[in-house]
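Structure first, commentary second.
Read the figures in this text as sums done on the coordinates, not as results from a lab. Bear in mind the structure is a predicted one, so any value in this text is a computation, not a measurement. Positions of Cβ are generated from backbone atoms using ideal geometry, with glycine treated the same way; all protein chains shown enter the neighbour counts.
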Amino acid sequence: MTATTVETVQSVQTLQSAQGVRHVETTPRASSPATGRPASVPASAPAVLEGTALAAYFAALTAAVERDDPGPSAGAGWEERERLYVGAWVRRVYEHPLSPLVFTQPHGRLALDVQHAQAAALARRIDVGRGRARPAKPAAEVRAVAAIAAMWAVTASSFTQTPRPPRERLVSDAWAVVRSTIGPSLVSDAPTLVRLRGAW
């Protein structure tokens, strides 16, 4: 987990330490990762995650995605690394039994802080990759904020659809939206041939 993420989670845990987790008697329904069909969630599952429980959810999610990150030395290219990041994040959210409780409620301060941390990290990766990225307007920071917000929105929408879309379709949709948002900052690794005047 990055230092920024740890600081974000710790600060929010301190601010919200007095909050708990609300429970109801109804049993929420999640979906099978492979088929999208409803799967039972334990009756003891909370109706709303708050405070330290919500912080723990995001901390575990962030740590899991970072373990899946191939890193800049993977040799897959900058754009491919972003595609893998989006896929890992969406799959982890899709498969977690508590995700419906998180993504079907209004985003509070903690969720927004997590989004901002993701956007800041994406903007830094864009800046670091400037050797293979074109300067574009709006700035990398603006595109990163929009891309992360879109990824969250596409993923959240899956929890309100019946039947729930298959996991890999959701991954594909999320990446398509993210790529279209950060696309102007990307360049292909393939060489570009330029015809010089009088060359032929």
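If each residue of separation counts as 0.36 nm, what is the full-extension length gain between Ala56 and Glu141 once their alpha-carbon separation is subtracted?
27.9 nm
Taking the Cβ of Leu170 as the centre, find all other residues whose Cβ is under 10 Å away and add up their charges (Lys, Arg: +1; Asp, Glu: -1).
Net of charged neighbours comes to +2.
What is the gain in length, in nm to one decimal, between Asp127 and Ala153 on full extension, counting 0.36 nm per residue of separation less the C-alpha to C-alpha distance? Before the final figure, lay out each step's value.
Values: separation 26, 0.36 × 26 = 9.36 nm, distance 2.46 nm.
Between Asp127 and Ala153, full extension yields 6.9 nm more.
FRET efficiency for Ala176 and Gln105, Cβ-Cβ distance as r, R0 = 22 Å, nearest 0.05?
Given R0 = 22 Å and the Cβ-Cβ separation, E is 0.25.
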